[in-house]
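Here is the structure we will look at.
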Amino acid sequence: MIDERIYQQFCEIGRDLYTANMISSHGGNISIRVGDRVIIKRRGAQLGNLKPHDLIETGIEKNDSGVTLASTELLAHRTIYMRTPALAIVHCHPRTAIAFSLSRDEIVPIDNEASYLLKKVPVITEEFASGTPEMANKLADALQSYKIVMLRGHGSFAIGQTIDEAFHWSSTLEESCQIALYAKLINEPFIEYRGMTQGYTKW
Amino acid sequence: MGGWMGKILDINLTSGEILTKPLDMALARDFLGGRGLGARLLWDEVGPEVDPLSPANVLIFAGGPLTGTGYQTSNRFSVSTKSPLTGTVLDANSGGYWGMQFKRTGFDVLIVRGKAASPVYIEISPAGVTINPAAHLWGRRVMETTSILGQNNNKRNVLCIGPAGENLSRIAAIMNDGQRSLARGGPGAVMGSKNLKAIVVEGKQRPEIIDQELFKYMLYESRKLLKASPLTSQALPEFGTVVMMNVVNAVGALPTRNHRQSQFEHADDISGEALTEKYLVKNEACWACPIGCTRISKTEKVEGEGPEFETTWAMGAQCGINDLTAIIEANALCNDLGMDTISAGSTIACAMELSELGLLDSDLRFGRADLLAPTLEGMALRTGLGAELADGSLRLAARYGRPDLSMSVKGLEMPAYDPRGMQGQGLLYATSNRGACHMRGNMLGLEVLGLPKMIDRLQVQGKSSYVILHQNSSAAIDSLVICKFTNMGVAEEYFARALSAVTGIKYATGELIKVGERVWNLEKLYNLREGFTRAQDTLPPRMLTEPVVEGPSKGWVSHLEPMLKEYYRARGWDDEGVPRAAKLEALGLDQLVEAVA
């Protein structure tokens, strides 16, 4: 039995992801760790319009009947929970960040907020960028050191103690990429306003 | 070698032998220092056959790889031993200057074993290590002892016990730099049992930092975060830790009158605001700390550090006392006697309830501020009524047939958060390896302060995950060793990078948390080897059966059982709370399995 409060959290963040244009109608997924269990969005459900039966509970390590309905990214979520301190995961498709991920191996923010919060976001390449053990392992490796990473051409995976914390990193990344895009469009020399920026690439 | 000095100093007070040993770097990488390394060394040194107050127990003083580096709050150190109060694994840690100075002596760890024939003190300086007679110090209080031995913050630092430790009170603290304390679980009694009055340190060495560029960057970024957080840049500096009084009271989680209630109607009188307005002389800070939460407070009778939130609560709300002058003076007295203020205050509260019920023949009643000081004196000196209270609330309450009136877990008195109003905090207390403790992954951040984000404090499902993460994280922080308040502004990902910069060994954030998980499981194994079982992972019956009578937590008890079940499974332990072989293997602790099988 999934606590009503947990369902409410999923609904609120799912709706916010959709209205922020960070997912398509049926894209993305979110999950939380509950002890040795994971609660994750049902495969094919709309994050922006979740119903109580759209949340699936299954084991983090052990399969049960819950897996028959779970998101196609269940493997990635499980691997991340097994190998990192994550208690919540938000996977979404932030459009500007995806565009940047096509040409960069890391996204280094230029705006204050994302510089402060994220420092640097690595971009991972995986040929089969959905539901494979290779992708899951690469994500878990990166999320050992980073709280959000980009899967090239696919989307972001963010971890946190709560869903809203992981959402925070996701929306910060997308906002930062939009700012970077505008700065490119303006195409004027960049005046550095931050201290010790050489450190960002070492992050 | 970065961060570590690479040496252990081993002193046998029975034989007078002083040895220098190399630090096992494989252990250092896996357990870092402080609490973690202390627990690992204690595992080998002190088995279940050892009485905590016998010469066979040891005191393990340890800094960590960040201690003394200048990273924010890298002043701390810990002492590990078997607790005379709880019989569990114990570590207590403290700030100030002593830890930094000890690192400068060139040692990571000091092990003290045996028992001196008569009182002694140890001095570690560039001139050498000596064991010196301390007959002239025995019986003296902490401030006087510290002064006689030449405390000088940046040059020479003194750690000592007071009368409580000498008289083997099981709630005795070890004090350093005058008024900082390694308080919980009675380490002062272990020091007293060894006839060891003090340890003085002077040093000139510095730990090496391998990646200076990354280290400077981490200093810069961490400073930025601490300045940005209103908690670490405004609330704590302006009001000290007592700023939490009104915050915790407002949510109905401030234990009052021996946990009969969870809100104190006079909380304003003993709040951080009241302390600042009426008694504050100035703020001070530990070495390398930009937060500066230390208060110097003054009444007509005393001037000194504190009181901290937990002390103010224990002597205040828990005893039904709203006389802040009496609380400040009780705090100063506890410091001078060398006694844990949480356990002391909560033991007096327990005695107040026993007295009101007619079970204990004393004048103690809730609200009797005038009896705080004489009772504390008696506890440290084991005289009069105080002798009954000197070993904590559980022994007192059991003596009068009501162990249920001791608000403790495994014999350690609970701190200032009511488990009925903060469900996660209850699980934290029940599973804490040294007994009820708010420094073993406090849920205050998540359940009350919204750090890093707010969760529902009364929610039960899923609480185990938060508790486990914060327990692991706190064990890692205690092994670095830095102050937990840093973590109110700076996340573990910064600590991992600072550790990597200092040591030259790459620690991912997840790996740092895993160190904490390793430490937590080792401590659990230690307690299992001592004979502790699932039955001790619980809360006082009042928390489980007596609903809160009024306020925002009205009607709530702790729903411990489902949380505990979820917790064991999530930890990779069996239903009795015993770590499974696969978990121990994953943490590199599998070689210890046979010892508890």
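The numbers here are math on the coordinates, done by the rules we state, and not lab data. Model, not experiment: these values are computed from the prediction. Heads up, the Cβs are rebuilt from the backbone with ideal geometry, glycines too, and the neighbour counts pull from every protein chain shown.
Assorted remarks:
- Within chain B, percent of DSSP bridges classed antiparallel, to nearest 5: 80
- The stretch A:1-29 and the stretch B:426-463: distance between their alpha carbon centers, rounded to Å: 26
- B:GLY421 long-range amide H proximity, modeled H, under 5 Å: none
- Each part gets one Cα centre, and for the stretch B:548-597 versus the stretch B:296-333 those centres are 36 Å apart.
- Residues B:MET407, A:MET1 in ascending order of nearby Cβ atoms (within 10 Å, fewest first): A:MET1, B:MET407.
- Cβ-based exposure ranking for B:THR81, B:THR347, B:THR256, in which fewest neighbours within 10 Å come first: B:THR256, B:THR81, B:THR347
- Using a Förster distance of 25 Å, the FRET efficiency for B:ILE210-A:ARG104 (Cβ separation, nearest 0.05): 0.25
- Annotation: amide H of B:TRP573 within the under-5 Å range of B:ARG580, sequence separation 5 or more or interchain, hydrogens built in the peptide plane.
- Scaled against 2.2 N^0.38 Å for its residue count N, the alpha carbon radius of gyration of the protein assembly as shown is 0.94.
- Too-long pairs where the Cα-Cα distance tops 24 Å, listed order kept, from B:LYS21/B:LYS204; A:LYS202/B:LYS7; B:LYS301/B:LYS484; B:LYS197/B:LYS282: A:LYS202/B:LYS7; B:LYS301/B:LYS484; B:LYS197/B:LYS282
- Taking the DSSP beta bridges with both ends in the stretch B:7-201, the antiparallel portion is around 75 percent.
- Integer Hz, Karplus 6.51/-1.76/1.60 couplings in order for the stretch B:118-129, x for Gly and Pro: 9, x, 9, 10, 9, 10, 10, 8, x, 6, x, 10
- The shape of the stretch B:402-483 comes out oblate: with a ≥ b ≥ c from the C-alpha gyration tensor, a/c is at least 1.5 while a/b does not beat b/c.
- Taking a point 7 Å from the Cα of B:THR533 along the Cα-to-Cβ direction, the residues of the stretch B:547-588 with backbone N closer than 17 Å to it are B:574-579.
- Of A:LYS184/B:LYS224; A:LYS147/B:LYS103; A:LYS119/B:LYS524, those spanning more than 30 Å from alpha-carbon to alpha-carbon: A:LYS147/B:LYS103; A:LYS119/B:LYS524
- Equivalent ellipsoid dimensions for chain B as semi-axes, Å, which come from the Cα gyration tensor, largest first: 32, 28, 25
- For the stretch A:4-188, the orientation-averaged shadow of the C-alpha convex hull comes to 10.0 nm² (one quarter of the hull surface).
- The stretch B:483-578: C-alpha gyration tensor shape, a/c 1.5 cut-off, then a/b vs b/c: oblate
- For the stretch B:164-180, 3J(HN,Hα) per residue [Karplus equation, 6.51 cos²θ - 1.76 cosθ + 1.60, θ = phi - 60°, Hz, x = Gly/Pro]: 4, x, 4, 8, 6, 4, 6, 10, 6, 9, 9, 10, 10, 6, x, 10, 8
- Hull-based mean projected area of the stretch B:326-449, where the convex hull spans the alpha carbons, in square nanometres: 7.8
- Ascending count of other beta-carbon atoms within 10 Å, so fewest first, for B:TRP98, B:TRP573: B:TRP573, B:TRP98
- Whether the stretch B:7-201 is rounded, prolate or oblate, judged on the alpha carbon gyration tensor where a/c under 1.5 counts as rounded: rounded
- Nearest-0.05 FRET efficiency for A:LEU185 and A:GLU57, computed from C-beta distance (R0 51 Å): 0.65
- Shielding score for B:459-470, defined as the mean number of other chain Cβ atoms within 10 Å: 5
- Within chain A: Cβ-based charge dipole about Cα centre, in debye rounded to nearest 20 (Lys, Arg +1; Asp, Glu -1): 180
- Treating r as the C-beta distance of A:ASN49 and A:LYS120 and R0 as 35 Å, the FRET efficiency rounds to 0.55.
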